[in-house]
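A.B. asks: First the structure, then my questions, so here it is.
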Amino acid sequence: MVTHKDNMGQDAEISFESALENYLSTDFGDLEEGSIVKGEVVRVEGGNVLVDVNFKSEGQIPAHEFKDSAGNLMVKVGDRVDVFVARKNEMEGTIMLSFEKAKRMQLFDQLEEVQEKNGTITGHIVRRIKGGYTVDLHGVEAFLPGSHVDLRPVPDMDALVNQEYEFRVLKINRRRSNVIVSRRVLLEEERDSKRNDLLLTLDEGQVVKGRAKNITEYGVFVDLGGLDGLLHITDMSWKRIRHPKEMITMGQELELKVLSFDKATQKVSLGLKQLVADPWQDITARFPENARCTGKVTNLVDYGAFVELESGVEGLVHISEMSWTRKLRHPSQMVRVGDEVEVVILGVDAEKKRISLGMKQIKPNPWDLVAERYPEGTVLEGVIKNITEFGMFIGIEDGIDGLIHVSDISWTKKVRHPNELYKVNDTVQAKVLTVDQGNEKFTLGVKQLVEDPWAHVPGAYPVGTPVKGIVTNITDFGMFVEVEEGIEGLVHVSELSSKKVKTPAELYKEGQEIQAKVIHVSAEERRLGLSIKQVADENERKKPKEFRTGSAEAGQNLGDLIKQKLEEEAEEA
């Protein structure tokens, strides 16, 4: 006897013959291998799930096929599930089933239907692999080529992992279980659709929204929804910016104005600053010449500093307008970026959007004060701040130095370098010679504190005056003779002797005392010409004739004496 549950849940006994007859009469013809059938979960035991598909025996399926990614069993007794008939043996009454294969076959059916209808399917990017990504399509792994990820190369490929997107199915191979999908195709279709819609409505002057998609040195390319527009750096702000990144970041949502649109080439020029009023309108009214303003230093260049007076309005302080007295090599010697500075408006060019500013004009020009305080002829004292070959600089006022040229140190001494007489930090007394405010030059003199000794030279040494002096310097062209302290005369080589002399060194040496006659004098040229030859000639003429150089006793012949006699008679006549 065989016991089974009746409809009321009570045990009922049937004969073995009846059970066998019932078993043999059951139709199993619809359970074909390779097909998908409905089954009922009848038992879950150990690592298996038993599913009744109306066969001679239940099919045994590994439990892991019914578990989710967290390891939880997703079925219970009584659930109806689709299973794949992998193999059956009617003689033995056994059957092999697979839940995963049934699900996979159904997914492939869905994918083929999506492909046929040119539809889309949601997928989860699982990981990066060589050449692209692996995408989970609800249980079927598909390949997403790198070139089909986006409309343009993705800067960070890893950022897409674990992201969910819509995909278009490009290719399916059931035998190899290969599926290839694309995201780019959908983006292209979306872009083309948006572009067509945008082209119908886009017009100059229109305000549109877009997203920054690429930033370059000269501007930003903005995706307007299927159509890209260029926002040039000059149309980003009324104020000066060095790079678009100072204002815009990648992916930023922007509201822009269409400046121009060429439908033929589909080129769009966009503007951001045009959405606000031009701050340069009525600029001269807000910033008149000579007005004082406060601004912030925004940029330094070799030739000056840019100062922002208000949002979108900048002016230039040229390096020459930064200080009355300092000779600047670079604006950074006076200001830094971010400094608040007070400036004076020097000029405004509204058409060219340029404002000239000055910083030094905030304070009085110290050169005006110097001219008033130290008129020409004033005697002052100052400390030597610097010494050069051509002179020395004396500190007069803050930032203003006076120059004592090397030629204005002494009337008489030949000063080759000021450091022969002075050193830095020495206090000197000098007289103001010139104050040139325009060229900012202030010259002083030390020698002018005393009278020029050359002023009395023409009166003391008129032409023809005999003088005595000491040889101080011998050159090839003559020798210098000091006739009094600080006053030297020159005996040219031609004035040394009646005889031909190649160099004064043949006859004289330094330190030797000589007698000479003044033959030229000029206080303006500071020159005193002397002659030794004239003194010798005069002395010769004063001698008795018989003792003059060249007499018979000196070896003259008769012809010479006759010639000399005739010359003397001619002189007496």
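Read-outs throughout are calculated quantities, based only on the coordinates presented, and are distinct from any laboratory measurement. Quick caveat: nothing in here was measured; it's all calculated off a predicted structure. Using ideal geometry, Cβ is built from the backbone for each residue, glycine included, and neighbour counts are taken over all protein chains shown.
A.B. asks: Would segment 318-431 count as rounded, prolate or oblate if I go by the C-alpha gyration tensor, calling it rounded below 1.5 in a/c and otherwise prolate when a/b exceeds b/c, oblate otherwise? Don't skip to the answer; put the middle values down first.
C.D. replies: Details: a/c = 2.99, a/b = 2.36, b/c = 1.26.
The shape class here is prolate.
A.B. asks: If you find the alpha carbon centre of segment 29-85 and of segment 416-493, how far apart are they in angstrom?
C.D. replies: Value for the Cα centre distance between the two parts: 125 Å.
A.B. asks: Something else now. Using helices alone, what [θ] at 222 nm do you get for the chain, with -39,500 (n - 2.57) per DSSP H run of 4 or more residues, divided over all residues and rounded to the nearest 500?
C.D. replies: On the way: 8 runs with 86 residues, N = 573.
Result for the chain, helices only: -4500 deg cm²/dmol.
A.B. asks: Quick check: from the Cα gyration tensor, does segment 453-542 come out rounded (a/c under 1.5), prolate or oblate?
C.D. replies: Values: a/c = 1.84, a/b = 1.32, b/c = 1.40.
Judged from the Cα gyration tensor, segment 453-542 comes out oblate (a/c at least 1.5, b/c at or above a/b).
A.B. asks: Which of the following values of Rg and Dmax of the Cα atoms in Å was calculated from the structure shown: [x] 26.1, 86; [y] 36.0, 125; [z] 57.0, 198?
C.D. replies: After the calculation, the listed value that fits is [z].
A.B. asks: How would 525, 65 line up from fewest to most surrounding beta-carbon atoms within 10 angstrom?
C.D. replies: Details: 525 9, 65 19.
Exposure proxy ranking, most exposed first: 525, 65.
A.B. asks: How high is the relative contact order of the chain, given as a whole-number percent (alpha carbon pairs under 8 Å, six or more residues apart)?
C.D. replies: Details: 1064 pairs, mean separation 28.6, N = 573.
Computed value for the chain: 5 percent relative contact order.
A.B. asks: Peptides 251-262, 353-364: what's the order by average Cβ count within 10 Å, highest mean first?
C.D. replies: 353-364, 251-262
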